[in-house]
Amino acid sequence: MSDAKVVAKGVAAGPEAVLADMARGGQSGNIFATPIFWHVLQDCEDLNAELREIILAQEQKVPSASKSNIGGWQSAPDLLTWGQPAIATLARYMRAAVDIATIRATALNVFRGQYELFAWGAVNRKGHYNTVHLHPQATWSGVYYVDPGDTEGVDPGGRLEFVHPVAAAAM
């Protein structure tokens, strides 16, 4: 090994200069950031009543898909193809939510990307629930409660729990 003195840039000026340089030029970012967007739609009672009827009628006609549901009923991810005007209105609201959320998460002024929406109907009655699960290859995932069930009492319906996506990916 050589006796040559190695001096890192800034070190020769002393520790205070190194700290000042770090404060000015240090970089930071989010490696596991999880953006969340939420909004409660107002004045949608008629839409919700129509969607409720459509979903409950489908529950009577089509066997449940087995995904994350424990009890209850879940459709295939084809709800947006069912064809009723109320479903089209819901799809319009979903697209707007994705556009707004994407603009806010990326600091763009306008979002011009392309994406596909998938949705399914679910009916969970007392004692039914969905297990912790992932939506692989989804940039955004959403929940829209047509009828959250009983919202009062010891065991209210419509509860939603999020877990850290990195930890959930190990499941």
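The values are calculated or read from the model by the stated rules, or taken from the named source; none is laboratory data. These numbers were taken from a predicted model, which means no experiment stands behind them. Don't worry about glycine lacking a Cβ; one is built from the backbone with ideal geometry, like all the others, and counts go over all protein chains shown. In case anyone asks, the SASA skips ligands and DNA or RNA and just uses the protein heavy atoms, side chains included. Shrake-Rupley method; radii C 1.70, N 1.55, O 1.52, S 1.80 Å.
Observations on the model:
- Measuring nothing but protein heavy atoms, the accessible surface of region 21-171 at 1.4 Å probe radius is 54 percent carbon and sulfur.
- Here the chain is treated with +1 on each Lys and Arg Cβ and -1 on each Asp and Glu Cβ, and its dipole about the Cα centre works out to around 580 debye.
- Region 57-114: translational diffusion in µm²/s, Stokes-Einstein, Kirkwood Rh over Cα pairs, 20 °C, 1.002 mPa s: 154
- The amide H of Asn130, built 1.01 Å from its N in the peptide plane, has Ile70 as neighbours under 5 Å, considering only residues 5 or more places off or on other chains.
- Local net charge near Ile100, Cβ-Cβ under 15 Å (Lys/Arg +1, Asp/Glu -1): +3
- Each label point was placed 7 Å from the Cα along the Cα-to-Cβ direction; for Tyr115 and Asp99 their separation is 1.3 nm.
- Longest exposed-site-free window of the chain, the sites being trypsin sites (Lys or Arg not before Pro) in a DSSP loop that have at most 10 other C-beta atoms within 10 Å: 10-111
- For the chain, calculated [θ]222 nm from helices alone, where every DSSP H run of n ≥ 4 adds -39500 (n - 2.57): -10500 deg cm²/dmol
- Projected area averaged over orientations for region 45-86, convex hull of C-alpha atoms, nm²: 3.3
- Each residue of region 116-132 was assigned a 3J(HN,Hα) from its phi angle through the Karplus curve 6.51 cos²θ - 1.76 cosθ + 1.60 (θ = phi - 60°); the sequence is 10, 9, 10, 8, 9, x, 9, 10, 10, 9, 3, x, 8, 6, 10, 6, 4 Hz, with glycine and proline shown as x.
- Convex hull of region 82-145 built on C-alpha atoms - directionally averaged projected area, nm²: 5.9
- Residue-normalised convex hull volume from the C-alpha trace of the chain: 247 Å³ per residue.
- Gain in span if fully extended, Leu80 to Asn30, counting 0.36 nm per residue against the direct Cα distance: 14.6 nm
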